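I have placed the structure first, in the form of structure tokens, so that the comments after it can refer back to it.
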Amino acid sequence: MKSRSKLIAAGLLIVAAVVYLIVTSTGSTAHYFLTIEEVQAMGGEAADRRLTISGAVLGDTIKYDPSEPVVTFTVVQVPGDPREVERAGGLAKVLHNAVSDPDAARMEVVYTDVKPDLLQHESQAIIRGRMGEDGRFHANEVLLKCPTRYEEGVPGQLEAS
């Protein structure tokens, strides 16, 4: 009888652990990245957390110091919902509209590493790191969507607007 109750208790602990892992991993992956507006709305709460943010790169702001090496650039708000991107005419159009909008939310990024080859105007950046006390986002990883994958769609999309 004692061994059966031990077996049931062990089984319940395993089930509880599995449920806990499912719940915690689903919560952290349900929203792959935050938008700039979402991070800005977090205020000081953002400084305590490791974040993943997405935005359109504003090409004129890219500055690279190879002696450090350090790259600084600005990202501009893009929609976080893929359905919204699709409704707006696709990724190329959304990125173009974002960098053309002077009122769109912006965030300066500091990346202490070699400048990525694909870091250019209107590319989509997905950056991971932390908000600094200086108000800039200090990235330790920069992922860029290759602009050549959607470059061909830009002229036709832009003519439709």
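Can you tell me which of (1) more than 13 Å from Ile36 (Cβ to Cβ); (2) out of contact with any Ser or Thr (no Cβ under 8 Å at 6 or more places or on another chain) is the one Val99 doesn't meet?
Looking at each condition in turn, Val99 falls short on (1).
When the residues of segment 130-161 are narrowed to those that are among the small types (Gly, Ala, Ser) and either modelled with pLDDT under 95 or more than 18 Å from Ser54 (Cα to Cα) (or both), which ends up surrounded by the fewest Cβ atoms within 10 Å (Cβ to Cβ)? Break it down stepwise before answering.
First pass over segment 130-161, keeping only residues among the small types (Gly, Ala, Ser): 132, 135, 139, 153, 156, 160-161.
In the following step, the residues that additionally are either modelled with pLDDT under 95 or more than 18 Å from Ser54 (Cα to Cα) (or both) were identified as 132, 135, 153, 156, 160-161.
Working: Gly132: 12, Gly135: 10, Gly153: 14, Gly156: 12, Ala160: 7, Ser161: 9.
Among residues in segment 130-161 that are among the small types (Gly, Ala, Ser) and either modelled with pLDDT under 95 or more than 18 Å from Ser54 (Cα to Cα) (or both), the one surrounded by the fewest Cβ atoms within 10 Å (Cβ to Cβ) is Ala160.
When segment 80-99 is examined, which residues are found to be surrounded by fewer than 16 Cβ atoms within 10 Å (Cβ to Cβ) and either within 17 Å of the chain's Cα centre (by Cα) or among the β-branched types (Val, Ile, Thr) (or both)?
Asp81, Pro82, Arg83, Glu84
The values are calculated or read from the model by the stated rules, or taken from the named source; none is laboratory data. Quick caveat: nothing in here was measured; it's all calculated off a predicted structure. Here the Cβ is made from the backbone with ideal geometry for all residues, glycine too, and neighbour counts use every protein chain on show.
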